[in-house]
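Working notes, structure below.
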Amino acid sequence: MPHVSKRRVDADIFDSISAQLSRVFKLANNRELIVSLIGELFTKTEKVMLAKHLAAILLLYRNVPQHVICEKLRMSPSTIARLSLDVEHGKYQSVFDVVKKDKNKILDILIEILAESIPRPFSNRRSWLGSIYRNR
């Protein structure tokens, strides 16, 4: 888990800089630029955490069993259970809406990030992600 400073930024400042971060990603209108932004803005640990969370959320949305997600993404059962509850309560609706708009780009970027960042138990580094494409 990435380290977060105990010295919190004021809520209004945080909202403003979060909006600017969102704007940067909104203005990036092609895959290569988005991948470059992710590489430049986030540390390897942050990319791994974000990629794993996104993958887990999408797999939970597709009703993949929690124990399979824990094993394949090497995440703790408590994290997967928390994400599962969040999915059930509709917390990630905007993620699903974006994925529904353009599945190919979102999933291609996800697979690229995962292929570079997550240790895989298979010799074929993308084999376990193939089910995402088959379940569209």
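The values are calculated or read from the model by the stated rules, or taken from the named source; none is laboratory data. Just so it is clear, the structure is predicted and the values come from calculations on it, not from any experiment. In this analysis, Cβ positions are derived from the backbone assuming ideal geometry, glycine residues included, and neighbour counts consider all displayed protein chains.
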Which of the following residues is in contact with a Leu (Cβ under 7 Å, 6 or more places away or on another chain) and modelled with pLDDT of 90 or more: 114, 83?
83
Across region 71-81, what is the total count of residues that are charged (D, E, K, R) and exposed (fewer than 12 other Cβ atoms within 10 Å of the Cβ)?
0
Within region 1-53, work out how many residues are closer than 17 Å to residue 98 by Cα, among the basic types (Lys, Arg) and touching a residue at least 12 places away in the same chain (Cβ under 8 Å).
1
Within region 1-58, restricting attention to residues that are among the aromatic types (Phe, Trp, Tyr) and farther than 26 Å from residue 76 by Cβ, which residue is surrounded by the fewest Cβ atoms within 10 Å (Cβ to Cβ)?
14
Being crowded, with 16+ Cβ neighbours inside 10 Å, in a loop (DSSP other than H, G, I, E, B) and among the β-branched types (Val, Ile, Thr) is the requirement here; does residue 87 meet it?
no
It is to be established whether one or more residues within region 44-62 are out of contact with any strand residue (DSSP E or B) (no Cβ under 6 Å at 6 or more places or on another chain) and more than 28 Å from residue 89 (Cα to Cα).
yes
Residue 3, sole failed condition from (1) closer than 27 Å to residue 90 by Cβ; (2) at pLDDT below 90; (3) out of contact with any Asp or Glu (no Cβ under 8 Å at 6 or more places or on another chain):
(1)
